Amino acid sequence: MEIRVLKYFLAVAQEGSLTAAARRLGITQPTLSRQLKELEDELGRQLYTRGSHHVSLTADGLLLRKRAEEILDIVGKTRTELKSAHEIAGDIYVGGGESEAMSLLANVIGIFRKKHPNVRFHLFSGNAEDVMERLDRGRLDFGVLIQPVDISKYDSLPLPVKDTWGLLMRNDHPLTAKTEITPADMEGLTLLISRQILNHDESQNPWLEWIGKTVDELDIALTYNLIFNAALLVRAGVGCAVTLDKLVNATAQSDLCFRPFLPRLESSLDIVWKKHQVFSSAAAAFLEEIRTSLSLYGQEQ
């Protein structure tokens, strides 16, 4: 497969039309059709079906689209790294979950950008599963992971902060009268829960240990990836969300309320990267900036 042909295929997938894709690429439609037919012959798979006014990807075509996007992303990343191999410039890709602790990393990025203004950062937000998948595929340089998650396959640095778990609810919920939420308070609640919690081994799940129940014993109305949209469902009265503090505006002035769990339930965080990672000059310099900042942070505490 040639990179050029993958670009042709992605153009068709994105435009949904051979005519529109050919116009965008600046080639004739017969040329584009021939290139795609040769790609299908090479792979031995039908990649799309043609309708009267548009084309639709087959299951094999959808798989190739995902892989082609990853391949072209890495090609572009590699090209940028090689061009800036001897200077602190280029792109750095960072992924992380929603956490107040990301403000620490934001400060490091701010310091680093003042020293190296030709470096551009790309931030991806997702849960641990999303971030780890992108790390493993080389689409991220660094990831910030919220425990519980197995980080043994990565190199890592612990962040000197912790996130506090609790319950996000509407301000008219009876439990807002309490300052802290106990496992007994959770009895009978309809819950919205992060998938990261549920994906963790039940036998070693700190939150399930805290509440003293199995997943099957809970009334879970919805699982979520990031809290912003889940908070909309809390507002709509669907249920209460198990989440981290300081991610949603939950104050006396808002329509939502957050209460921490008792006994206290906290999660540590780590910044991770692939073992034996060959960093660009920019990413290597950024890692050193992180180490320096964490060292200074520890001295200030």
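Which entries in K7/K162; K114/K275; K114/K162; K66/K162 show an alpha-carbon gap greater than 32 Å? Exceeds cut-off: K7/K162; K66/K162. The packing ranking of peptides 99-108, 71-80, 153-162, highest mean first, is 99-108, 153-162, 71-80, where packing means the average number of other beta carbon atoms within 10 angstrom of each residue. The spread of Cα positions in region 1-145, taken along each principal axis and listed from longest to shortest, comes to 53, 33, 25 Å. Between the DSSP loop rule and a limit of at most 11 other Cβ atoms within 10 Å, which GluC sites (Glu not before Pro) in region 156-235 are left? Answer in residue order: E187.
Per-residue ellipticity at 222 nm from helix content only, as computed over the chain with -39500 (n - 2.57) for each DSSP H run of at least four residues, stands at -13000 deg cm²/dmol. Here region 164-236 is assigned +1 on the Cβ of each Lys and Arg and -1 on the Cβ of each Asp and Glu. Its dipole about the Cα centre then comes out at about 380 debye.
Restricting the calculation to alpha carbons of region 3-69 gives Rg and Dmax of 10.6, 29 angstrom. Placing unit charges on the Cβ atoms only, positive for Lys and Arg and negative for Asp and Glu, gives the chain a dipole magnitude near 1380 debye about its Cα centre. Across the options L244, A184, Q204, the greatest Cα extent toward the positive end of the charge dipole of region 162-267 (unit charges at beta carbon of Lys, Arg, Asp, Glu) belongs to L244. Region 162-267: percent of C-alpha pairs farther apart than 15 Å? Percent of Cα pairs beyond 15 Å in region 162-267: 59. List the trypsin sites (Lys or Arg not before Pro) within region 223-291 that fall in a DSSP loop (any state other than H, G, I, E or B) and whose Cβ has at most 10 other Cβ atoms within 10 Å. Of the trypsin sites (Lys or Arg not before Pro), the ones in loops of region 223-291 whose Cβ has at most 10 other Cβ atoms within 10 Å are K275.
A Cβ-based charge dipole, computed about the Cα centre of region 3-69 with Lys and Arg at +1 and Asp and Glu at -1, lands at about 180 debye. For the chain, the residue among V272, I220, T78 whose Cα projects farthest onto the positive side of the dipole built from Cβ charges is T78.
Computed from the coordinates by the stated procedures, all read-outs in this text should not be read as laboratory data. Everything quoted here is computed from the prediction, not taken from an experiment. No Cβ is skipped: glycine too gets one built from the backbone with ideal geometry, and neighbour counts run over all protein chains shown.
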